[in-house]
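Right, one structure below, let's go through it.
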Amino acid sequence: MNDPNGLVYYEGEYHLFYQYNPFGNTWGHMSWGHAVSSDLVHWKHLPLALPEADGVMIFSGSAVVDWKNTSGLGKNGKPPMVAIYTCYRPSDRMQFQCIAFSNDKGRTWTKYASNPVLDIHSTNFRDPKVQWYEPDKHWIMTVSLSAEHKVRFYSSANLKDWALLSEFGPAGGTAGVWECPDLFQLPVEGTREKRWVLVVNINPGSIAGGSGGQYFIGQFDGARFVEDPGSRPAAGPDGQAALWFDYGPDYYAAVSWNDIPRSDGRRLWLGWMSNWQYGQDVPTSPWRSAMSIPREVGLRQTAEGIRLVQRPAKENQRLREQRFQFKGGDVARANQWLAQSHIQGAQLELVIEFERQSTGVQGVEVLKSSKDETVIGVNWDRETVFVDRTKSAKVNFSPRFSGVYNAPLMARGGTVKLHVFVDAGSVEVFVNDGERVLTAISFPSVDSREVSLFGSSDRAQVSAIEVWNLKSTWK
């Protein structure tokens, strides 16, 4: 599996479609797999939703609930679910936009007889994200011209007939193709302001190498996205002036759920937890690839300007079991507490606050044994937070897998807070309440279950630790 597709909520169910090869564990025969959840944590696999057929693959896209039946595809007075996706024809490499509909809560799908609904005769035109734009009472499609580093916006009254509105780009990171765009409005925490966020995934050329994701902050009037002046940082050493939403190597094609109820009000998303540099080579069998945990997305006014922040969706707390708490002390005392509390395992949630130091490195080692470990830490000399998987057991299956991945720290008081989710083969690190995020997969040995802290000295201070054992989502 790879990109998440068609994320939509309807009648108590979160739908997750995804790029899927029904016939193997490498890329090919792209179709839409399907899973549903009532709580974002426990998922039920459903039959293949949209299969490859007649020499045409089903690439990425989105899904909506057509509440007003603007498409005319509903029946019995109920709104249809409509999927909008890219069709890819390998024979001539053409990409064009198609739709399918369901009138049984997504259990079965019918491809629209008059597909395609949008065809500009391009080999790089893909990944439509569609939403209803209430002020103008029409649908908006955000879709990528991938090789041109552009995003196009189209409008439609019925999901079938589309008119071009505008283009955005090139801008930001342009070292790779642009894919899987998204567009949504968010309030700025603690203010009455709102901004629109345009998400563009890029492959390769992301901040951590290979595939990753960037975003732009600005205004959208129903037809055109205009980036806020000065909202991006100055160009880095690679010449790219971009805002990145994950500094780890394994968070790609992130896309958000449509139709989350207003009573909830959150913007929820997740991403494919891998990287095209090695995604087809990871040492797993018989399956390959997974998604991140669901995250809540927001905007915050920071010292750098308005920035995207991410937190673990609150539903993840349902997996918590026993809670352990350390109220502060030096690294030596904290490690003694970890040992006495028998804290170890392959499914853990940790919240650790480190007191600021003038120099040195400190952090936590997880999925650890005598031979391997995954390291999460803060480098006070460089003012960075990092994930180091150079010793995460199996690293030699690809020359691009082993590495250390860094994110710059934002200014923050006297502590740095790391909120870490450890799974059997991954870590997801939320820094300072989501101001930075690093996602990385790893392949530790089966006995790599220990947790320990480290610092430039045993006297380095740890302000607090909370740890939960996590239940399996499969039980």
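The values are calculated or read from the model by the stated rules, or taken from the named source; none is laboratory data. From a predicted model like this one, the values you see are computed outputs, not experimental measurements. Neighbour counts are summed over all protein chains in view; Cβ atoms, including those assigned to glycine, are modelled from backbone coordinates with ideal geometry.
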task = List every residue pair whose Cβ atoms sit under 6 Å apart, with the two residues 6 or more apart in sequence or on different chains, where the first one lies in the range 67-88 and is assigned by TED's automatic domain parsing to the domain that holds Y112 and the second, anywhere, is in a strand (DSSP E or B) and aromatic (F, W, Y).
result = L73/F101; P80/F101; V82/F101; T86/F59; C87/F96; Y88/F59
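Identify, please: which residue in the range 289-318 is among the aliphatic types (A, V, I, L, M) and part of a loop (DSSP other than H, G, I, E, B) and is, among those, farthest from the chain's Cα centre (by Cα)? Steps first, answer last, please.
Filtering the range 289-318 for residues among the aliphatic types (A, V, I, L, M) gives 290-291, 293, 297, 299, 303, 306, 308-309, 313.
Applying the additional criterion that residues be part of a loop (DSSP other than H, G, I, E, B) yields 290, 293, 303, 313.
On the way: A290: 11, I293: 8, A303: 24, A313: 12 Å.
So, considering only residues that are among the aliphatic types (A, V, I, L, M) and part of a loop (DSSP other than H, G, I, E, B), the one farthest from the chain's Cα centre (by Cα) is A303.
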query = Scanning the range 369-384 for residues that are outside any strand (DSSP E or B), touching a residue at least 12 places away in the same chain (Cβ under 8 Å) and under 24 Å from V446 (Cα atoms), which turns out nearest to the chain's Cα centre (by Cα)?
reply = E373
key: Close pairs from the range 167-179: first closer than 16 Å to P128 by Cβ and of a type in the set (V, I, T), partner modelled with pLDDT of 95 or more and surrounded by fewer than 20 Cβ atoms within 10 Å (Cβ to Cβ), Cβ under 8 Å, at least 6 apart   = V177/N124; V177/A147
inquiry  = Could you list, ordered by first residue, the pairs with Cβ atoms under 6 Å in which the first is in the range 208-225 and not assigned by TED's automatic domain parsing to the domain that holds R389 and the second is charged (D, E, K, R), at least 6 apart or interchain?
reply    = F216/E227; I217/R195; I217/D228; G218/E227; G218/D228; G222/D136
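Conditions tested, residue by residue: (1) of a type outside the set (G, A, S); (2) under 24 Å from the mean Cα position of the chain (by Cα); (3) at negative phi.
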| site | (1), (2), (3) |
| --- | --- |
| K391 | yes, no, yes |
| S398 | no, yes, yes |
| L409 | yes, yes, yes |
| A440 | no, yes, yes |
| V446 | yes, no, yes |
request  = Could you check S426 against (1) at pLDDT below 95; (2) buried (at least 20 other Cβ atoms within 10 Å of the Cβ) and say which number it fails?
outcome  = (1)
request  = Tell me, please, whether a residue that is surrounded by 20 or more Cβ atoms within 10 Å (Cβ to Cβ), in the same structural domain as R266 (by TED's automatic domain parsing), at negative phi and not acidic (D, E) can be found in the range 39-49.
outcome  = yes
Matching residues, the range 13-32, being in a strand (DSSP E or B) and either at pLDDT below 95 or surrounded by fewer than 20 Cβ atoms within 10 Å (Cβ to Cβ) (or both) = E13
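Filter the range 325-340 for residues that are closer than 20 Å to T374 by Cβ and surrounded by fewer than 16 Cβ atoms within 10 Å (Cβ to Cβ) and give the result. Steps first, please.
Looking only at the range 325-340, we keep the residues that are closer than 20 Å to T374 by Cβ, and these are 331, 334-335, 338-339.
Result: A339, single match.
What number of residues within the range 70-85 satisfy the criterion of being under 23 Å from Y133 (Cβ atoms) and in a loop (DSSP other than H, G, I, E, B)? Before the answer, list the steps.
At the first step, the residues of the range 70-85 found to be under 23 Å from Y133 (Cβ atoms) are 70-74, 78-85.
Subset that is in a loop (DSSP other than H, G, I, E, B): 70-74, 79-80.
Total satisfying the criteria: 7.
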Cβ pairs under 7 Å, 6+ apart, first in the range 118-132 and touching a residue at least 24 places away in the same chain (Cβ under 8 Å), second charged (D, E, K, R) = T123/R93; R126/E179; D127/E179; K129/D182
query = Right, D246: within 30 Å of P399 (Cα to Cα) and out of contact with any helix residue (DSSP H, G or I) (no Cβ under 8 Å at 6 or more places or on another chain) or not?
reply = yes
ask   = When you scan the range 86-136, how many residues do you find that are outside any strand (DSSP E or B), of a type outside the set (A, V, I, L, M) and more than 21 Å from Y10 (Cβ to Cβ)?
value = 11
inquiry  = Can you pull out every residue in the range 86-113 that is surrounded by 14 or more Cβ atoms within 10 Å (Cβ to Cβ) and hydroxyl-bearing (S, T, Y)?
reply    = T86, Y88, S102, Y112
ask   = When both residues are 6+ apart or on different chains and their Cβ atoms are under 6 Å apart, which pairs have a first residue that lies in the range 38-50 and is within 21 Å of D423 (Cβ to Cβ), and a second that is modelled with pLDDT under 95 and in a loop (DSSP other than H, G, I, E, B)?
value = V41/T473; H42/T473
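Among the residues of the range 71-90, what is the count of those that are polar (S, T, N, Q) and modelled with pLDDT of 95 or more?
Filtering the range 71-90 down to residues polar (S, T, N, Q) leaves 71, 76, 86.
Then keep just the ones that are modelled with pLDDT of 95 or more; that gives 71, 86.
Looking only at that region, the number is 2.
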message = Cβ-Cβ under 9 Å, sequence separation 6+ or interchain: first residue in the range 243-262 and touching a residue at least 24 places away in the same chain (Cβ under 8 Å) and surrounded by fewer than 21 Cβ atoms within 10 Å (Cβ to Cβ), partner part of a loop (DSSP other than H, G, I, E, B) and not acidic (D, E). Which pairs?
response = D259/W67; I260/R266
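Could you say whether any residue in the range 319-327 is of a type in the set (S, T, N, Q), within 22 Å of A440 (Cα to Cα) and either modelled with pLDDT of 95 or more or part of a strand (DSSP E or B) (or both)? It would help to see each step written out before you state the result.
Of the range 319-327, the ones of a type in the set (S, T, N, Q) are 322, 325.
If we keep only those that are within 22 Å of A440 (Cα to Cα) too, we end up with none.
Scanning the range 319-327 turns up no residue that is of a type in the set (S, T, N, Q), within 22 Å of A440 (Cα to Cα) and either modelled with pLDDT of 95 or more or part of a strand (DSSP E or B) (or both).
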